[in-house]
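The values are calculated or read from the model by the stated rules, or taken from the named source; none is laboratory data. None of these values were measured; they are calculated from a predicted model. Quick reminder, even Gly has a Cβ in these numbers, built from the backbone with ideal geometry, and neighbours come from all protein chains shown. Surface areas here come from the heavy atoms of the whole protein model, side chains and all, with no ligands, DNA or RNA. Shrake-Rupley method; radii C 1.70, N 1.55, O 1.52, S 1.80 Å.
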Amino acid sequence: MLRFLYFFLFLSMFITILHAQTTVTTTYGPISGITEEGALAFKGIPYAKPPVGELRWQAPQPPAPWSQTRMTTDFSPKCPQKNFSPTQDSAITEGEEDCLYLNVWAPALTGKRPVLFFIHGGGNQQGSASETINGAVLYTGKFLASRKDVVVVTINYRLGALGFMAHPAVAAASSSKTSGNYGTMDQVLALEWVKNNIAKFGGDPDNVMVFGESAGAVNTSLLLTVPAAKGLFHRAGIQSGSPVASPYLVGENLGKSFASRMGCVTGNLDQQLQCMKALPISKIIAELESPLAGGKVNLGWGPVVDGLLIPKDPISVILTGQHHKMPVMLGSNADEMSASSPPVVTPAQVRTLFDSFVPEAYEAEGLTLYPPGTTNAQARQSYIQTLTDAQFTAPARRMAKGLDIFQTEPVWRYLFSHAQAGLGAFYGSAHGLELPFIFQSVEETTYGKGAFFNNNDRVVAKAMMDYWTNFARTGNPNGTGLTVWPVYDYQKDPYLDIKSPVVGAEGLRTQKSDYWDRARGVATSTRQASALLGVKMEVPTIYQEGARVRLSLEEDLVLQIEVYNMLGQKISTVFQGNLSAGEHELPLNLPVAAQGMLVLRAQAGGRSMGMKLWKA
């Protein structure tokens, strides 16, 4: 009997000690977690009030405090979304509006460790901190925490229209008189939570690395330019993305269009707002489309330049050295668009891609660099590489160059070129493939438990874990036993090629990146000429504010010049009327909302001609 008494006393003491080890008193109340792989895990910690009811389309508010210990052992629901598969256009509708929670993994509750704060991707319209891949939680922090002595934080933030809609009715009800950027505000509030609480989890609030992939990289790089984020993080990891924020008018027009489709356009602004706040979640997310359909990045909902949270165009802020300066790691994958590109691509489709994707003056050069080939297999490879380089490789170089020129803090560029064996080889180094290797969650996937998982995978996983946590700790990813990662120099374009074995190199797809800089008007903006019987017209290849159309007429003409988008919809009339013989310059004023490839069409005397131009 005495033995049983001792046993129960011991068990009681053990449970009490274990509970003490996994209980933390945060700013808002006590929480209790669990242990995973030797790390302490706290899942589903509220960092904001549920953004429901009157808090829909408002800045996030701190959570209400609580006194009873809150069990934080399971992930919270995802934010409302249509979750599309990378390889298909089908989607799962899921999530709840009460979704503003974060997760923490830590080796112990004492100490002062670097903090890795991760922002998930998904085009700012899908994804979550609890994303799974091939049977495993993709962004688990348990391996990094237990193996590399760091603290890991992952977050949910509002997505789609709920996270980024700008609309006059919402702005009118706001004290700031602006709208949009709620998902960005969520990220800033989560960082403030980290600053105020992470020391209680053994983390160092003065050594926080924010990193993200895809839209998470867009958001990470954007935070470099957000005044409210200053001092909340000290390193940045930008994986397959660069800062994007639409002009406010573009975002507002998108919001107005959304409200119209939702049937919320009648009455005054307050009535329109109440209509939108009463919308069921299912209706709000029903119309969402894949952010990577056909291999083309579609960032419909996203941040806007509101003059307050995001005061200026983020790229302009970085390229003038006005950003928060810190060590930055950035890069992209070798075959970003392989999983989302069509499974079958014909040579004709490659030619059509260039016809709709670049100004006319650059088509021939592009088709030389990315030849359509004579087979569907050759065509698909060119299609993938075209979209990969245009949307990821070249922008990563631009970002690295801009940062290197305008800050003294080091920049580190990488290319992830590792490919899995077996069926995964078809997709190569696809968009997001690096993530399970960074978080080590690849070990728990069906691939990691299968016969194809090999030593090359282990080499890459170990290297990425070491580089990423070294960077978080010191701002320098290098360490003992690792291939030297060269610090970036914009004149040489050095980078680390992450594969097995890892190697350092210089000049990543230089000729192709130079081409995309020209085609996108980053380096120069040339003019193109075209002639119609009796009319010669010059149009800028790349549209810039103040652009003009130059005309040379051999005789007096009745002339009509209009601009159309690639769907054939007229978006602007440049000129309509009589012009005398001689030289003329006409202002080329395009709507702020017009973006991408456009066609300028001139008609005179029953004849017509068209010229393409690009507007960023």
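Could you grab me the full set of residues in segment 314-366 that are open to solvent by 30 Å² or more (accessible area, probe 1.4 Å) and either touching a strand residue (DSSP E or B) at 6+ places or on another chain (Cβ under 6 Å) or β-branched (Val, Ile, Thr) (or both)? Listed by number, the residues that qualify are 315, 320, 344, 346, 352, 356, 360, 361. Looking only at residues in segment 190-228 that are assigned to a loop (DSSP other than H, G, I, E, B) and out of contact with any helix residue (DSSP H, G or I) (no Cβ under 9 Å at 6 or more places or on another chain), which one is least open to solvent (accessible area, probe 1.4 Å)? Among those residues, the one meeting the criterion is 202.
Whether any residue in segment 76-93 is closer than 22 Å to residue 24 by Cβ and open to solvent by 10 Å² or more (accessible area, probe 1.4 Å) is what I want to check. Scanning segment 76-93 turns up at least one residue that is closer than 22 Å to residue 24 by Cβ and open to solvent by 10 Å² or more (accessible area, probe 1.4 Å). Residues considered: 400, 390. Of these, the only one that is under 13 Å from residue 334 (Cα atoms), under 23 Å from the mean Cα position of the chain (by Cα) and not hydroxyl-bearing (Ser, Thr, Tyr) is 390. Cβ-Cβ contacts under 7 Å between residues 6 or more apart (or on different chains), taken from a first residue in segment 575-596 that is touching a residue at least 24 places away in the same chain (Cβ under 8 Å) and of a type in the set (Val, Ile, Thr) to a second residue that is surrounded by 14 or more Cβ atoms within 10 Å (Cβ to Cβ) and part of a strand (DSSP E or B), are listed as 592/247. One residue stands out among those in segment 129-163 that are part of a loop (DSSP other than H, G, I, E, B) and modelled with pLDDT under 95: the one that is surrounded by the fewest Cβ atoms within 10 Å (Cβ to Cβ), which is 135.
Taking every residue in segment 311-324 that is farther than 11 Å from residue 222 by Cα and pairing it with any residue that is open to solvent by 50 Å² or more (accessible area, probe 1.4 Å), at least 6 positions away or on another chain, the pairs with Cβ-Cβ distances below 6 Å are 321/406. What's the total number of residues in segment 430-477 that are free of Cβ contacts under 8 Å to residues at least 24 places away in the same chain and within 18 Å of residue 504 (Cα to Cα)? Matching residues across segment 430-477 total 2. The set of residues in segment 101-128 being surrounded by fewer than 20 Cβ atoms within 10 Å (Cβ to Cβ) and aliphatic (A, V, I, L, M) consists of 108, 109.
When residues in segment 104-124 are screened for being under 29 Å from residue 290 (Cβ atoms) and either touching a Gly at 6+ places or on another chain (Cβ under 7 Å) or of a type in the set (Asp, Glu) (or both), 5 of them pass.
If the condition is being closer than 12 Å to residue 460 by Cβ and hydroxyl-bearing (Ser, Thr, Tyr), then segment 416-446 contributes 417, 429. Taking segment 129-163 only, how many residues are of a type outside the set (Phe, Trp, Tyr) and under 20 Å from residue 180 (Cα atoms)? The number of residues fulfilling the criteria is 8.
If we scan segment 271-293, do we find a residue that is among the hydrophobic types (A, V, I, L, M, F, W, C), loosely packed, with under 14 Cβ neighbours inside 10 Å and modelled with pLDDT of 90 or more? The answer is yes; a qualifying residue exists. If the condition is being surrounded by 20 or more Cβ atoms within 10 Å (Cβ to Cβ), in contact with a strand residue (DSSP E or B) (Cβ under 8 Å, 6 or more places away or on another chain) and not in a helix (DSSP H, G or I), then segment 243-253 contributes 245, 246. Screening the candidates 426, 437 for the property of being in a helix (DSSP H, G or I) and surrounded by fewer than 17 Cβ atoms within 10 Å (Cβ to Cβ) yields one hit, 426.
Would you say residue 304 is open to solvent by less than 50 Å² (accessible area, probe 1.4 Å), in contact with an Asp or Glu (Cβ under 9 Å, 6 or more places away or on another chain) and in contact (Cβ under 8 Å) with a residue 60 or more places away in the chain? Against the criterion (open to solvent by less than 50 Å² (accessible area, probe 1.4 Å), in contact with an Asp or Glu (Cβ under 9 Å, 6 or more places away or on another chain) and in contact (Cβ under 8 Å) with a residue 60 or more places away in the chain), residue 304 qualifies.
For (1) closer than 24 Å to residue 201 by Cα; (2) in contact with an Asp or Glu (Cβ under 9 Å, 6 or more places away or on another chain); (3) of a type in the set (D, E, K, R), each residue gets a yes or a no:
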| site | (1), (2), (3) |
| --- | --- |
| 57 | no, no, no |
| 61 | yes, no, no |
| 66 | yes, no, no |
| 70 | yes, no, yes |
| 75 | yes, no, no |
| 79 | no, yes, no |
| 84 | no, yes, no |
| 92 | no, no, no |
| 96 | no, no, yes |
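Residue 187: in contact with a strand residue (DSSP E or B) (Cβ under 7 Å, 6 or more places away or on another chain), surrounded by 24 or more Cβ atoms within 10 Å (Cβ to Cβ) and part of a loop (DSSP other than H, G, I, E, B), yes or no? For residue 187, the condition - in contact with a strand residue (DSSP E or B) (Cβ under 7 Å, 6 or more places away or on another chain), surrounded by 24 or more Cβ atoms within 10 Å (Cβ to Cβ) and part of a loop (DSSP other than H, G, I, E, B) - is not met. Taken together, the residues in segment 555-573 that are modelled with pLDDT of 80 or more and within 26 Å of residue 356 (Cβ to Cβ) amount to 7. Taken together, the criteria exclude residue 98 from residues that are closer than 24 Å to residue 438 by Cα and either free of Cβ contacts under 8 Å to residues at least 24 places away in the same chain or surrounded by fewer than 24 Cβ atoms within 10 Å (Cβ to Cβ) (or both). Exactly one residue out of 166, 236 is open to solvent by less than 20 Å² (accessible area, probe 1.4 Å), outside any helix (DSSP H, G or I) and either at positive phi or touching an Asp or Glu at 6+ places or on another chain (Cβ under 6 Å) (or both): that is 166.
Would you call residue 486 out of contact with any Lys or Arg (no Cβ under 7 Å at 6 or more places or on another chain), assigned to a loop (DSSP other than H, G, I, E, B) and open to solvent by 10 Å² or more (accessible area, probe 1.4 Å)? Yes.
Please pick out the residue among 477, 501 that is in a loop (DSSP other than H, G, I, E, B), surrounded by 13 or more Cβ atoms within 10 Å (Cβ to Cβ), of a type outside the set (Val, Ile, Thr) and at pLDDT 85 or above.
On inspection, the qualifying residue turns out to be 477.
Looking across segment 398-423, the residues that are in contact with a strand residue (DSSP E or B) (Cβ under 9 Å, 6 or more places away or on another chain), open to solvent by 20 Å² or more (accessible area, probe 1.4 Å) and not in a helix (DSSP H, G or I) come down to 409, 410, 417. Listed by first and then second residue, the pairs with beta-carbon distance under 8 Å, at least 6 apart or on different chains, first residue in segment 510-536 and assigned to a strand (DSSP E or B) and modelled with pLDDT of 60 or more, second of a type in the set (Lys, Arg) and open to solvent by 20 Å² or more (accessible area, probe 1.4 Å), are 529/536; 530/536; 532/607.
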